[in-house]
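None of the figures in this text is laboratory data; all of them are computed from the coordinates on show. None of these values were measured; they are calculated from a predicted model. Methodologically, a virtual Cβ is constructed for each residue, glycine included, from the backbone with ideal geometry; neighbour enumeration extends over all protein chains shown.
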């Protein structure tokens, strides 16, 4: 028998005669590993908590408004303290929120829910105000930058 035949037989024999038991390991309570939450990708980013509509969003419900995650729109004074990168990120977070709210509005109209029963106008207005204020703050910065350029050009020419 050649050397290659012996090696192949020993490998094949070892594979066919071995048995593995993982039942103890799989069923043991101490070997559980935490599972990371699944990140929403693709179209699932347009749904809040992977649901087409939140469980209940009744208008005029004071209890729900008190426990709501949305508090208020960003103020311009707060936005003036943020860096350009922070404003850029916040813009896209707000844009994503507006898309989620638009998806919910379309889903509510598809289900023919009356507007008096279900609406997210408050959250939508907060997003719109915050986005408008971001644009305003960026416009202020742009104006200030252009004024500084003109002022520096005048100083250089006068020397």
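Determine, for 47, 84, the number of other Cβ atoms within 10 Å of each Cβ, and report the residues in order from fewest to most. Walk me through the numbers before you get to the answer.
Values: 47 16, 84 10.
Ranked by crowding around the Cβ, least crowded first: 84, 47.
Going by how many other Cβ atoms sit within 10 Å of their own, how do 129, 115 line up, fewest first? Can you show the working numbers first?
Working: 129 16, 115 11.
Starting with the residue having the fewest Cβ neighbours, the order is 115, 129.
Among 74, 91, rank each residue by its count of other Cβ atoms within 10 Å, from fewest to most, as a rough exposure measure.
Listing 74, 91 from fewest to most nearby Cβ atoms yields 91, 74.
When you count, for each residue, the other Cβ atoms within 10 Å and take the mean per peptide, how do 107-113, 92-98 rank with the highest first? All intermediate terms of the calculation are to be shown ahead of the outcome.
Details: 107-113: 12.4, 92-98: 14.3.
Order by mean packing, descending: 92-98, 107-113.
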